[in-house]
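Okay, so here's the structure we're looking at.
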Amino acid sequence: PKMFNTTISWNASPYDYITSDGNGVVTPTNYGEMNISLSISNAVILYYTFSATLYSIPEERKTVYFSNAETGRYIDIEGPSTANDAIIQQWDYSTSSTRKWRVYYDDYSVGYIRLRSVYSTKYLAIDPNDNSIVEQTNASSDYSLWKIDLTITGNLILICKATEDNNMVLSVPLN
């Protein structure tokens, strides 16, 4: 059936937390919880209604540090370097951007994340040639997808999608 005079409308609460560009792209304008509803209809039929609660978080709050539960040291870029395949190591805590990572959820691999260095803007990955932990520009492979799991001792572990069938978890050498 043809849809004549199709209308797309949206509503948000609080209303000033988002804006729309007229093409359906919604952009947060404030931080916090937002309720959004979307309706697609014509003069006769309501085709679809969608409601969601969204949370907008400031960029600086999306930055995380990962520390080894046994050593207390943090995932860090050796050098520091911005080169592809730079080695990832453990180092003492500091506020250096070489120890800060941003978490990105992967739209195509549900349950996995990508970790991007604040310092180099490259992604935490496994080198498929020798299984070393490195940073890489290419974030499209399973070698840069990670799953966070909980151990029976209450610690978090990072499991690489490309190697999870081999029961391999993130293991970063001491410097």
Counting only residues 5 or more apart in sequence or on a different chain, those whose built amide H sits under 5 Å from that of Ala86 are Glu135
Can you compute the modelled spin-label distance between Thr71 and Tyr104, with each label point 7 Å from Cα toward Cβ, in nm?
2.7
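Read-outs throughout are calculated quantities, based only on the coordinates presented, and are distinct from any laboratory measurement. What you see is a predicted model, and the numbers here were worked out from it, not measured in a lab. Don't worry about glycine lacking a Cβ; one is built from the backbone with ideal geometry, like all the others, and counts go over all protein chains shown.
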